[in-house]
Amino acid sequence: MDFNFTPEQLEIKDLAMKFAKNEMMPKAHEYDVKAELPHDILEKAWSLGLVNTCIPAEYGGNGFSAVDSMIITEALAYGCMGMNTAIMANDLALLPIVIGGSDEQKKRFLTPMTEKYKMAAFCLTEPGNGSDAGGIKTTIKEDGDDVVINGNKMWITNAGYADLFVLYGTTDTALKHKGITAVVIEKGTKGIEIGKKEDKMGHRCSDTRGITFNNVRVPKANVLGGLNKGWSIAMKTLDHSRPMVAASAVGGAQCAFDHSVKYAKERVQFNVPIAQHQMIQAMIADMAMKIEASRLLVHKAAWLLDNGLPNTQLASYAKAFAADSCMQIATDAVQIYGGYGYSKEYPVEKIMRDAKLIQIYEGTSQIQRLVIAKEIFSRS
Amino acid sequence: MNIFVCVKQVPDTETKIVPSADGSFIETSSIKWIMNPYDEFAVEQALLIQAANAGSTVTVVRVGSTKDTEALRTAMAMGADDAFLVEANDNLDSYSIAKALKGAIEKSGKKPDIILTGKQAIDDDCLQVPQILATMMEIPSVSVVVGYEGSATDITVKREIEGGAIEVYGVKLPAIIACNKGINTPRYASLPGIMKAKKKPLTTLSLADAGVSEADRRVKYSNFQLPPEKPPGKKFDATDAAKMGGVVKEVVGLLRTEAKVI
């Protein structure tokens, strides 16, 4: 049993935190207001190796463990949860290729991502299907050496700038889970229609759009793991991506917490800093406990993954607990700041808006509880 | 060129400093150590010089405790080729540190063409190691350098002096250049750089190996204390036009008698 980071992990954390504090935090407010992607910041993050952490070393990546990628994600989300979403979305899109792709597909799709900064988009959710992923309507039909894709996808992160779309569809809606198929579509393929940018509550700099796939034809060589093999790839992807999203919740919560501690020592009411009031102390203590517990769940879920052990249940613990805690912590941070907290001039208002999304995407907090209960009852 | 960089490890600027119980130093058990920020400019300048002079090597040297080799690893992750650590207490005085640095540079077996340092360390703010080292090595030194250009043998450096004016020096190498903010923008140690740095050689020497003994100590710290807390500022109410004359008189009076600045 060892809770220590390795010396390399400490350095990775230092670099990622330095980048978050020097490059991301000073611009977080500006890009939130402009609702624009900070392409220069994202490209700089990529050049330092902070993007695409899931790519194995043999395909040009840094060969990070899952725990390493959690450390990086937490730090980047500390800097700005919205920018981190744009960065993390690359991993969400590339993980199905890492997990279900052939050697040829990995060379063709992953390696170019390590040579130049490119964005990738993960296309699962549809206008009518979010939590019920098995019920997706987008069709993938065989046609000679190709497959033809038809359907609508919704809330797709990085949609407007992606070079690569990793899409889940079905060969036959009647097959439900058994028809799910994952396919890689390259930018510029005929029939991709990118929708307008969504006007969101938080994560405003990240580029979120609907996409229509209208008779989009790609070679069968782009199908990951074969037709009808998509569901197991999707489930394995979630085992990695859910802890990662949970790590981003820890980063956002830690940032809200650090702001709160600093402010509580500065703000004077009743002739003493509010940090000396017990009501504030209780809130700060609750925040600290929840952050530490969330982080430990994230690291354990990732550690299980690195050791080849089943982690589905822990991944859902981490995702639900960290996301719900982040929302509570960000809300309390606004409370500690009082009227100033409700103003956009102070940083905690943005964190509260950003936190809400973490309870929704990559499986809502409610879905995580269903997954957990299913795991418990299926084994008892 | 044989390029050397001397770096120091200092407490993170956000650290809450606590003097040790015996007053000989500060409590170091819970400190997060970072590379002295001015030394980052020196490392960056070394890497820029290396890039401009093919076949050059960058060697980083540090004197301090081994608990944590953060600064040396960071420098190698940024791109330096190898590192020397002289193991010593962190509360050594400037003379001993300069002598240990000289010893380590000599132990490397390479004759330095240039030695870069930060202009000062942000922990003890002594501002004297580069100059003492230059005297010991009998080579020129320029400090507070904000501009650098030149060849492998002759350089022109700009030095910031009081009032924001700039002095320009032509210097024959070898020399010691102490860097200030503005000379360059230090790069980040990239993640691939961090991974590569693990395989780069880090040689550890004792103070004796570097030719330093307790007899070299010129300054001994005995009573570290926190500075006294600043008294709160005074507020004057001059919003009312009728009161203004009185307030001005009062402020001028206090500046004379209390603050003694006029």
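Where Lys and Arg each count +1 and Asp and Glu each count -1, what net charge lies around residue A:186 among other residues with Cβ under 10 Å from its Cβ?
+1
As I understand it, the dipole of the stretch A:7-115 uses +1 on the Cβ of Lys and Arg and -1 on the Cβ of Asp and Glu, about the Cα centre. Which of A:109, A:57, A:85 lies farthest toward its positive end?
A:85
What list do you get for A:148, A:184, A:218 if you sort them by fewest beta carbons within 10 Å?
By the 10 Å Cβ count, ascending: A:148, A:218, A:184.
Counting other beta carbons within 10 Å of each Cβ, put A:240, A:39, A:259, A:177 in order, fewest first.
By the 10 Å Cβ count, ascending, the order reads A:39, A:177, A:259, A:240.
Please report the projected area of the protein assembly as shown's Cα convex hull averaged over all directions, in nm².
The number I arrive at for the protein assembly as shown is 36.9 nm².
In Å and from the alpha-carbon atoms only, list the Rg and Dmax of the stretch B:88-220.
16.4, 46
Between the stretch B:104-132 and the stretch A:160-179, what's the alpha-carbon centroid distance in Å?
With the stretch B:104-132 and the stretch A:160-179 each reduced to a Cα centre, they are spaced 60 Å.
So what's the gap between the Cα centers of the stretch A:29-44 and the stretch A:355-380, to the nearest angstrom?
31
Counting only Cα atoms, I'd like the Rg/Rh figure for chain A, Kirkwood definition for Rh.
The Rg/Rh ratio comes out at 0.98.
In percent, how large is the relative contact order of the stretch A:64-123, given Cα pairs closer than 8 Å and 6 or more residues apart?
This gives 34 percent for the stretch A:64-123.
For the Cα atoms of chain A, what angle does the longest principal axis make with the long axis of helix A:230-266, in degrees from 0 to 90, nearest 10?
Once rounded, the angle reads 20 degrees.
Answer rounded, prolate or oblate for chain B, using the Cα gyration tensor with square roots of eigenvalues a ≥ b ≥ c: rounded when a/c is under 1.5, else prolate when a/b is larger than b/c, else oblate.
prolate
Label the stretch A:119-228 by shape, choosing from rounded, prolate and oblate, from the square roots a ≥ b ≥ c of the eigenvalues of the Cα gyration tensor; if a/c is under 1.5 it is rounded, and otherwise prolate applies when a/b is larger than b/c, oblate when it is not.
The shape class here is oblate.
Where does the longest stretch of chain A lie that holds no chymotrypsin sites (Phe, Trp or Tyr not before Pro) found in a DSSP loop with 11 or fewer other Cβ atoms within 10 Å?
With a cap of 11 other Cβ atoms within 10 Å, the longest stretch comes to A:4-269.
For the stretch A:7-115, state the semi-axes of the equivalent ellipsoid (square roots of 5 times the eigenvalues of the alpha-carbon gyration tensor), sorted largest first and rounded to whole angstrom.
Semi-axes from the Cα gyration tensor: 25, 16, 11 Å.
Roughly how many whole Å is it from the C-alpha centroid of the stretch B:153-232 to that of the stretch B:1-49?
Each part reduced to its Cα centre gives a spacing of 9 Å.
So how do B:129, A:166 line up by other beta-carbon neighbours within 10 Å, fewest first?
The order, fewest Cβ neighbours first, is B:129, A:166.
Quick one: work out the % antiparallel among DSSP beta bridges in the stretch A:78-184, nearest 5.
In the stretch A:78-184, approximately 65 percent of DSSP beta bridges are antiparallel ones.
Pull up the DSSP beta bridges for chain B and report the antiparallel fraction as a percent, rounded to 5.
40
For the Cα atoms of chain A, what angle does the longest principal axis make with the long axis of helix A:81-100, in degrees from 0 to 90, nearest 10?
For A:81-100 against chain A, the angle is about 40 degrees.
Using only alpha-carbon positions, what ratio does the radius of gyration of the stretch A:255-380 give when scaled by 2.2 N^0.38 Å?
1.25
Students often get this wrong, so check it: of A:18/A:187; A:107/A:229; A:34/A:290; A:116/B:67; A:27/A:106, which have C-alpha atoms separated by over 29 Å?
Pairs exceeding the cut-off: A:18/A:187; A:34/A:290; A:116/B:67; A:27/A:106.
Counting pairs of alpha carbon atoms under 8 Å apart in space and at least six apart in sequence, what relative contact order in percent does chain B give?
Rounded, it is 24 percent for chain B.
Taking only Cα atoms, what is the 0 to 90° angle, nearest 10, from helix A:278-306's long axis to the longest principal axis of chain A?
Long axis of A:278-306 versus the principal axis of chain A: about 30 degrees.
In µm²/s, what is D for the stretch B:1-142 at 4 °C and 1.567 mPa s, where D = kT/(6 pi eta Rh) by Stokes-Einstein and Rh is the Kirkwood radius from Cα pairs?
84
Anyone know which of B:200, B:107, B:249 comes out most mobile in the 10 Å Cα GNM of chain B?
Among B:200, B:107, B:249, the largest mean-square fluctuation in the Gaussian network model of chain B belongs to B:249.
Give me the dipole magnitude in Debye, nearest 20, for the stretch B:2-216 about the Cα centre, with unit charges on the beta carbon: positive for Lys and Arg, negative for Asp and Glu.
800
First measure r as the distance between the Cβ atoms of residue B:21 and residue A:221, then evaluate 1/(1 + (r/R0)^6) with R0 = 60 Å and state the FRET efficiency to the nearest 0.05.
0.30
Most mobile of B:174, B:201, B:228 per a Gaussian network model of chain B (Cα springs, under 10 Å)?
B:228
Can you tell which of B:132, B:105, B:161 shows the greatest fluctuation in a Gaussian network model of chain B with Cα springs below 10 Å?
So, out of B:132, B:105, B:161, the one fluctuating most is B:161.
Taking DSSP loops as anything outside H, G, I, E and B, show the longest stretch in chain B free of GluC sites (Glu not before Pro) there with at most 12 other beta carbons within 10 Å.
Counting at most 12 other Cβ atoms within 10 Å as exposed, the longest clean stretch of chain B is B:15-137.
No lab work stands behind these numbers, since they all come straight from the coordinates. Everything quoted here is computed from the prediction, not taken from an experiment. Here the Cβ is made from the backbone with ideal geometry for all residues, glycine too, and neighbour counts use every protein chain on show.
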